[in-house]
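Accompanying notes for the structure given below.
The values are calculated or read from the model by the stated rules, or taken from the named source; none is laboratory data. What you see is a predicted model; the values in this text were computed from it and never measured. Here the Cβ is made from the backbone with ideal geometry for all residues, glycine too, and neighbour counts use every protein chain on show.
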Amino acid sequence: MPGDAYLALVERLGREFARRRMDKHLTQLRWAWPQLTRWREDEVIEWLRVFRVPPFDKDYPLQRTAGGCPRCGKHEGVWTRLVFPGGAKLTCASCRQAWVVERAL
Ligand SMILES: [Zn+2]
């Protein structure tokens with residue numbers, strides 16, 4: 001990904017952290033600026049996918065209340081992969097679907 005496009009994504013992630021009052025993450029992101037040594041590109045994109053910031057807004061299905069896997073419906077074997085204020089990213093061990101549970105902001 002070209003440098004300018006990547007920096008634009010980092011800026012969007014910073015705005016999203018600020019909007020969600022994730023101060024620790026925002027500070028970490030700012031301290032990494034401009035070298036961005038601590039935040040790999042795949043980490044930045046993963047957060048944008050979790051927050052469903054376009055063009056990554058279709059990558060993970062969204063649930064408003066915790067239920068089973070949105071693909072196969074199983075409840076067992078569901079793992080929490082990442083948490084943030086008001087939500088989490090989950091994965092299903094059976095079908096490997098990943099999704100986000102988040103209450104409405
Ligand atoms: Zn599943």
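General remarks:
- Selection within region 64-74 - surrounded by 12 or more Cβ atoms within 10 Å (Cβ to Cβ) and either at pLDDT below 90 or assigned by TED's automatic domain parsing to the domain that holds PHE51 (or both): ALA66, GLY67
- Residue match in region 75-85 (condition: surrounded by 16 or more Cβ atoms within 10 Å (Cβ to Cβ), modelled with pLDDT of 90 or more and within 11 Å of the ligand (Cβ to nearest atom)): yes
- Just one of the listed residues (VAL44, VAL100) is away from the ligand (no atom under 16 Å from the Cβ), surrounded by 13 or more Cβ atoms within 10 Å (Cβ to Cβ) and among the aliphatic types (A, V, I, L, M), namely VAL44.
- The set of residues in region 2-38 being modelled with pLDDT under 80 and on the phi > 0 side of the Ramachandran plot consists of LEU36 alone.
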